[in-house]
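The values are calculated or read from the model by the stated rules, or taken from the named source; none is laboratory data. Since we're looking at a predicted model, the values are computed, not measured. Here the Cβ positions follow ideal geometry from the backbone for every residue, glycine too, while neighbour counts run over all protein chains shown. Areas reflect the complete protein model, heavy atoms only, side chains present, ligands, DNA and RNA absent. Shrake-Rupley method; radii C 1.70, N 1.55, O 1.52, S 1.80 Å.
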Amino acid sequence: MPTVSVRRELLFQALGRSYTDEEFDELCFEFGLELDDVTSEKDIISKEKGEGKAEGASDTVLYKIDVPANRYDLLCLEGLVRGLQVFKERINLPRYEKIIPAKGEGQKLIITEETAKVRPHAVAAVLRNITFTKERYDSFIDLQEKLHQNICRRRALVAIGTHDLDTIAGPFTFTAKAPSEIKFKPLNQSQEYTAPQIMDLYRTDSHLRHYLHLIENKPLYPVIYDSNGVVLSMPPIINGDHSKINLNTRNVFVECTGTDMTKAKIVLDTIVTMFSEYCEKPFTVEAVEVVLPNGKTHIYPELAYRKEKVKPEHINKKLGISETPSSLAKLLTRMCLKSHVTGNGNNIEIEIPPTRADIIHACDIVEDAAIAYGYNNIQMTIPKTYTIANQLPLNKLTELLRLDLAAAGFTEALTFALCSQEDIADKLGTDISTTKAVHIANPKTAEFQVARTTLLPGLLKTIAANRKMPLPLKLFEISDIVVKDPSKDVGARNYRHLCAVYYNKSPGFEIIHGLLDRVMQLLEVPPSEENGYVIKATEGSAFFPGRCAEIFAKGQSVGKLGVLHPDVITKFELTMPCSALEINIEPFL
């Protein structure tokens with residue numbers, strides 16, 4: 001969940017009254033939020049860097065409030081205060097208005113076809129005659145950063161640019177050019193740089209270096225110019241210094257570029273609705289005409305209101321309450337969802353404002369009704385149907401086997417469910433195509449490319465990491481492996497395997513064989529070919545020739561045991577003989 005830090009004195013000033021920390025904590029809970037911490041800038045620095053670094057830092061009390069990840073309208077002081085004031089019925093929900101200038105007087109953003117392969121979408125709006133203070137300006141910048149980290153997915157989906165409109169001249173052009181052709185003075189820099197130089201400049205920047213990969217390997221970089229060729233920004237990296245906003249800025253041009261049009265529109269709506277209250281005419285936003293590469297035009301921001309109908313009995317049934325339709329409508333209105341009863345009380349019509357992009361289905365409306373009603377006010381009732389909880393049989397068997405394997409002198413290991421292709425194929429002397437392995441589409445590291453198809457590599461890597469421990473090393477693991485299965489709706493299935501490894505100066509095949517006999521004894525499977533278990537000589541790519549056996553139980557093959565091949569031992573950086581056992585325990589349920 002995102003955390004919003006607000007100064008307590010500013011928050012109480014905006015709310016029009018003071019609260020004790022306990023009272024405000026209770027208010028947050030009622031509104032579906034959580035007061036995570038009461039701290040100060042000095043305390044934060046002291047905890048992170050030590051008391052020495054905290055000298056001179058502010059002692060101003062900060063509230064750190066946890067906000068639901070989909071409530072973008074609560075990510076700044078302005079939205080938080082507005083939501084709480086409406087919730088406490090101190091103000092009515094404002095109506096956001098889009099002002100469309102007379103023809104020829106408004107701003108225009110032209111998108112060229114070159115952007116299609118790098119960042120194809122753009123939307124824009126103007127906050128006209130806005131008044132900034134230091135606190136408002138800081139909140140404006142902080143909201144952009146919160147949105148970048150949240151809905152914008154670290155600028156991969158959307159990047160926000162804000163500019164002083166009085167320093168630039170429209171119409172504006174959003175295009176893409178070769179990096180060498182782009183040259184401008186980046187934000188807060190003293191000289192001009194080409195795009196490649198800018199990428200090098202920010203490669204060591206603690207903040208901006210995380211975004212360079214989004215475009216650095218592209219043949220063209222996105223860039224926005226004004227009519228005089230002044231660079232506004234090179235999204236998603238940096239804005240130009242020429243158009244930077246400050247406390248004296250009166251007109252703000254907001255542009256959002258991205259790869260996801262829906263998210264771009266939500267981000268633009270969120271920014272302008274939160275800060276339009278500081279405009280000369282509050283809650284109004286000047287529209288911008290966006291011209292697409294095909295010549296079609298759209299007006300943004302959309303600031304779209306839409307209506308939904310929900311039956312009162314549906315809300316009452318889902319929540320286990322019995323409120324009247326008018327009471328439910330009032331509850332929803334307190335949650336910034338203006339509602340009224342229609343017809344003969346059969347329906348509640350809800351108007352969803354542009355700030356509530358999180359309202360997608362009727363269940364979202366029911367959830368807001370529950371928050372406004374108060375979860376603690378819902379009477380606890382015994383469900384009409386009930387079940388008695390019971391441990392999954394497979395997990396119960398696993399727990400029992402773990403205890404007895406530990407009692408047999410083996411130490412349990414828990415290894416990663418993901419591994420490299422090399423671990424389950426090359427190192428075990430087999431081809432990856434024969435393993436039925438589930439591959440990760442975009443692995444972050446070579447160590448986690450596939451889901452494991454055997455537990456053996458994990459245990460061998462554990463032994464390699466503990467070679468200095470006294471011999472013998474006796475490890476076991478009972479966990480799931482994953483293999484492709486076209487008959488399953490997800491295309492794969494899990495099997496619960498038991499794997500044990502013995503590592504010493506001698507192979508210890510008899511010890512592993514003895515462990516198998518003990519496991520079968522515990523499972524009450526006798527050594528019999530008809531209705532018990534039997535082992536038969538076989539060959540395996542991971543095992544030494546003539547030192548491998550296949551285990552059959554209840555008429556099917558359940559696994560193998562044997563002495564590992566010297567090549568396998570060497571590939572896992574081990575130097576001594578090793579015996580291993582791996583079986584599927586699911587047939588024994």
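Couple of notes before you dig in:
- The stretch 447-483-the stretch 125-204 distance, computed between alpha-carbon centres (Å): 49
- Phi-derived couplings, Karplus 6.51 cos²θ - 1.76 cosθ + 1.60 at θ = phi - 60°, listed residue by residue for the stretch 268-279: 4, 4, 5, 4, 6, 6, 5, 10, 5, 5, 8, 6 Hz, with x used for Gly and Pro.
- Computed in the context of the full set of protein chains, the accessible area of the stretch 393-588 at 1.4 Å probe radius has 53% of its extent on carbon or sulfur.
- Per DSSP, loop trypsin sites (Lys or Arg not before Pro) in the stretch 428-488 with at most 10 further Cβ within 10 Å: Lys444, Lys468, Lys488
- The residues neighbouring Val288, those whose beta-carbon lies less than 14 Å from its own, together hold a net charge of -2 under the Lys/Arg +1, Asp/Glu -1 convention.
- In the stretch 179-261, trypsin sites (Lys or Arg not before Pro) in a DSSP loop with at most 13 other beta-carbon atoms within 10 Å: Arg203
- Within the stretch 1-19: backbone nitrogen closer than 20 Å to the Asp364 label point (7 Å, Cα to C-beta): 1-3
- With every protein chain in place, the stretch 306-374: carbon and sulfur % of accessible area (1.4 Å): 49
- Lys, Arg +1 and Asp, Glu -1 on Cβ, resulting dipole of the chain about Cα centre, debye, nearest 20: 820
- Here is how the number arises for the chain: DSSP H runs of 4 or more residues each give -39500 (n - 2.57), the sum is divided by the residue count, and the result at 222 nm is -8000 deg cm²/dmol.
- Compared with the alpha-carbon gap, the fully stretched path from Arg154 to Met469 is longer by 109.0 nm at 0.36 nm per residue.
- Note on Asn344 and Thr434: their simple-model spin labels are 7.5 nm apart, each label 7 Å out from Cα toward Cβ.
- His565 - accessible surface, heavy atoms, 1.4 Å probe, Å² rounded to 10: 50
- Unit charges at the beta carbon, dipole of the chain: most positive-side option, Ser227, Leu418, Ala125: Ser227
- Under the criterion of Cα pairs below 8 Å and six or more residues apart, the relative contact order for the stretch 306-374 equals 38 percent.
- Given R0 = 35 Å, the distance between the Cβ atoms of Ala408 and Lys536 translates into a calculated FRET efficiency of 0.90.
- A simple spin-label model places the labels of Asn129 and Ser190 4.0 nm from each other, with each point 7 Å out along Cα-to-Cβ.
- Averaging Cα coordinates gives a centre for the stretch 523-551 and one for the stretch 60-103; these two points are 68 Å apart.
- Extension gain, Leu392-Lys554: 0.36 nm per intervening residue step, less the Cα-Cα distance, totals 56.1 nm.
- Virtual spin-label span in nm between Ala492 and Lys88, 7 Å along Cα→Cβ: 5.1
- Annotation: amide H of Thr411 within the under-5 Å range of Lys474, Leu475, Phe476, sequence separation 5 or more or interchain, hydrogens built in the peptide plane.
- Accessible surface area normalised per residue over the chain is 50 Å², counting heavy atoms of protein chains with a 1.4 Å rolling probe.
- Restriction of the chymotrypsin sites (Phe, Trp or Tyr not before Pro) in the stretch 361-418 to DSSP coil positions whose beta-carbon has at most 15 other beta-carbons within 10 angstrom yields Tyr386, Phe416.
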